[in-house]
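Engineer: Have a look at this one.
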Amino acid sequence: SKAVPTEMVDGKKLLVDQRLEVSKHWLLKGLPTTVTLQIKSLPSKNPLKDDALIAEVDRVGQQLEIDNIYLYRKKQNGELYTVILYGSYGERNAALTALKNLPSQIKNDRPYLRTLAGINKDIEQAQ
């Protein structure tokens with residue numbers, strides 16, 4: 001297999017950093033009742049060079065709109081995880097419809113509904 005050009009890797013890492021930044025703002029400013037879909041949680045051994053996360057965000061981003069993908073980091077049992085979320089819904093029914101309409105490859109990850117309140121609690125407990 002061919003090596004991926006460095007600028008492509010850098011671009012994808014930049015995208016991950018950008019989504020983390022946008023997500024931080026969204027989690028702070030969003031309504032606590034906002035519902036989102038948790039797609040996946042990945043261990044981040046080295047957040048600065050997180051190849052697994054970059055590859056996963058790339059994979060998910062090819063199937064879902066990248067602007068609706070949110071990321072946050074949390075500590076769990078002493079390990080750092082990055083959680084991939086999708087969508088921002090004012091009500092549960094809209095989120096359930098989105099969940100039902102996800103591509104099957106994404107559904108294989110068994111996504112489920114979360115509220116911003118629940119996520120922020122997660123983050124606080126992990127500090």
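The values are calculated or read from the model by the stated rules, or taken from the named source; none is laboratory data. For clarity, every value in this text was computed on a predicted model and none was experimentally measured. Virtual Cβ from ideal backbone geometry, glycine too; neighbours counted across all protein chains shown. Heads up: the accessible areas ignore ligands, DNA and RNA and are worked out on the full protein's heavy atoms, side chains in. Shrake-Rupley method; radii C 1.70, N 1.55, O 1.52, S 1.80 Å.
Engineer: Sort through ASP50, ASP17 and tell me the only one that's open to solvent by less than 30 Å² (accessible area, probe 1.4 Å) and among the acidic types (Asp, Glu).
Structural biologist: On inspection, the qualifying residue turns out to be ASP50.
This table checks each residue for (1) in a helix (DSSP H, G or I); (2) on the phi > 0 side of the Ramachandran plot; (3) open to solvent by 40 Å² or more (accessible area, probe 1.4 Å); (4) among the acidic types (Asp, Glu).
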site: VAL22; (1), (2), (3), (4): yes, no, yes, no
site: LEU37; (1), (2), (3), (4): no, no, no, no
site: ARG59; (1), (2), (3), (4): yes, no, yes, no
site: LYS75; (1), (2), (3), (4): no, no, yes, no
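Engineer: Turning to a different aspect of this structure: For segment 61-73, what are the residues that are open to solvent by 20 Å² or more (accessible area, probe 1.4 Å) and of a type in the set (Val, Ile, Thr)?
Structural biologist: Scanning segment 61-73 gives a single hit, ILE66.
Engineer: Has segment 109-116 got any residue that is farther than 17 Å from SER23 by Cα, surrounded by fewer than 14 Cβ atoms within 10 Å (Cβ to Cβ) and modelled with pLDDT under 95?
Structural biologist: No - not one qualifying residue is present in segment 109-116.
Engineer: Under 8 Å between Cβ atoms, at least 6 apart or on separate chains: pull out the pairs that start in segment 8-19 with a residue that is under 13 Å from ILE69 (Cβ atoms) and modelled with pLDDT of 85 or more and end on any residue that is charged (D, E, K, R) and outside any helix (DSSP H, G or I).
Structural biologist: VAL16/ASP50
Engineer: I'd like the full set of residues that are aliphatic (A, V, I, L, M) and either over 12 Å from TYR70 (Cβ atoms) or surrounded by fewer than 12 Cβ atoms within 10 Å (Cβ to Cβ) (or both), limited to segment 24-34.
Structural biologist: LEU28, LEU31
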